[in-house]
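K.L.:
One structure coming up, written as structure tokens, with questions to follow.
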Amino acid sequence: MNTESNAMMTGTAVPANRASIRPFYWSVWRELWENRAIYIVPLIVGAVQVFGFAISTIGLAERRRAVLLLDPTKQRAAIGTPYDIVAVMMIFTVFIVGLFYCLDALYGERRDRSILFWKSLPVSDRTTVLSKLTIPLAILPLIAFVTVVCVQLLMLAITGANLITHGMSAASTWRHFPVFQNWIVLCYGLIVIALWHAPIYGWALLISGWVRRATFLWAVLPLIAIQIFEKITFGTTHFSALLNDRLFGFAPAAFDFQGRQHPTIDSLVQLTPGKYLSTVELWIGLIVAVAFITASIRLRRYRGPI
């Protein structure tokens, strides 16, 4: 017997906020149960990273002795780069997973006709679509953060064991790789990227709820066609630049690279959340994302199984 029935029998009312939160909570869990790739793919990538790094530690002691003879800047780059690569690869992985998840989120339930069952439950279309949007905007960044932290800890342990067995101190790694600072930067970066890419995920959900087949082609081909049309007709590439900015334009607004040719983050002072939040492109993107999500909700309300 559910909570609502118990409440009616005892004469007590279920708070409205609790009644609205529980369907959303279980809808998010439903997405995790039905789409195991959400967490399995990052785990596989993390395992491959650890395995590859373990192999690369062959001859690490000799390389570390040579690195410690360089100037401090080059030492930081040589020692910290593998850990930075792990974070960048994981960010790219969860973006790809999130994109393909959104392309299948509404299309899949129409294709296998499970939408008939889910619509029979007391869960609104808005709750369902927002729970699906939560996956790329919140769940995947959280999975990425936890996975990167675990992978980097294992890398530090492997490095330390290797150096100690060769009579060297593991402290050189900790001095040139500020672990907790990098984790703060990673958490900040994941939030920044998720918000910046919100219209991309919204567009993918809209396509997922609209088309009857080939969601990836329908999502990509119109964008390519617009670029070709603009180039042939006007000889300009404004739309291409707009797409490129939507993919990578978050970096100049969210971080202060201090004019370096090879951008690095050496201090938390280089994080610029105020500048990022005041960027017009961010808010335009969020408004566009809201429009896409609103349209996706209406589509799910009226679209039936394929």
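Coordinate-derived values only; no laboratory data. Being a predicted model, the structure only gives us computed values, none of them experimental. Ideal geometry is used to build each Cβ from the backbone, glycine not excepted, and the neighbour counts take in all protein chains shown.
K.L.:
Any idea what angle helix 140-165 forms with the longest principal axis of the chain, computed on alpha-carbon atoms, 0 to 90 degrees, nearest 10?
P.N.:
Tilt relative to the chain: about 20 degrees.
K.L.:
With +1 assigned to the C-beta of every Lys and Arg and -1 to the C-beta of every Asp and Glu, and no other charges, what is the dipole magnitude of the chain about the Cα centre in debye, to the nearest 20?
P.N.:
580 debye
K.L.:
Then there is this: Over the chain, what is the mean sequence separation of C-alpha contacts under 8 Å (at least six apart), divided by residue count, expressed as relative contact order in percent?
P.N.:
25 percent
K.L.:
Residues of region 292-306 with amide nitrogen under 14 Å from the 7 Å Cα-to-Cβ point of residue 113?
P.N.:
304-306, by backbone N distance to the label point.
K.L.:
Also, quick follow-up: Based on other C-beta atoms within 10 Å, arrange 230, 109 from fewest to most.
P.N.:
230, 109
K.L.:
If you don't mind, another one. Which net charge results when you count Lys and Arg as +1 and Asp and Glu as -1 among the other residues whose beta-carbon is under 11 Å from that of residue 128?
P.N.:
+3
K.L.:
Mind checking the angle between helix 238-248 and the chain's longest principal axis? C-alpha axes, 0 to 90 degrees, to the nearest 10.
P.N.:
The angle comes out near 70 degrees.
K.L.:
Ranked by Cβ crowding within 10 angstrom, fewest neighbours first, how are 22, 212, 76 ordered?
P.N.:
Ranked by crowding around the Cβ, least crowded first: 212, 22, 76.
K.L.:
For residue 247, project a label point 7 Å along Cα to C-beta. Then give me every residue of region 95-112 with its amide nitrogen under 20 Å of that point.
P.N.:
95-104
K.L.:
Stretch residue 156-residue 221 to full length: gain in nm at 0.36 nm per residue minus the Cα-Cα span?
P.N.:
Difference between extended and current length: 19.0 nm.
K.L.:
Also: Gain in length, residue 66 to residue 256, computed as 0.36 nm per residue apart minus the alpha-carbon separation, to one decimal in nm?
P.N.:
This chain segment gains 65.3 nm when fully extended.
K.L.:
Given only helices, namely DSSP H runs of n ≥ 4 each adding -39500 (n - 2.57), what is the per-residue ellipticity at 222 nm of the chain, to the nearest 500 deg cm²/dmol?
P.N.:
For the chain, the value works out to -25500 deg cm²/dmol.
K.L.:
Taking Rh as the Kirkwood radius, which is the inverse of the mean 1/r over Cα pairs, what is the Rg/Rh value for region 17-302?
P.N.:
Ratio of gyration radius to Kirkwood radius for region 17-302: 1.04.
K.L.:
Next up: Could you work out how far helix 16-34 tilts from the main Cα principal axis of the chain, as a 0 to 90 degree angle to the nearest 10?
P.N.:
60 degrees
K.L.:
Any idea what diffusion coefficient region 66-131 gets from Stokes-Einstein, in µm²/s, Kirkwood Rh on alpha carbon pairs, 20 °C, 1.002 mPa s? Display every interim value, and only then the final one.
P.N.:
Details: Rh = 15.8 Å.
Estimated via Stokes-Einstein, D reaches 135 µm²/s.
K.L.:
For region 168-290, report the % of Cα-Cα distances exceeding 21 Å.
P.N.:
Of all Cα-Cα distances in region 168-290, 55 percent exceed 21 Å.
K.L.:
In nm, to one decimal, how far is the modelled label at residue 240 from the one at residue 266, with both set 7 Å along Cα→Cβ?
P.N.:
So the two model labels end up 3.6 nm from each other.
K.L.:
Further question on the same structure: Using square roots of five times the C-alpha gyration tensor eigenvalues, list the equivalent-ellipsoid semi-axes of region 106-216 in whole Å, biggest first.
P.N.:
44, 15, 12
K.L.:
Still on this structure: When a footprinting reagent is the concern and you count Cβ atoms within 10 Å, what order do 248, 216, 145 take, fewest first?
P.N.:
248, 216, 145
K.L.:
Also: What's the local net charge at residue 306, with K and R +1, D and E -1, over the other residues with C-beta under 11 Å away?
P.N.:
So the surrounding residues net to +4.
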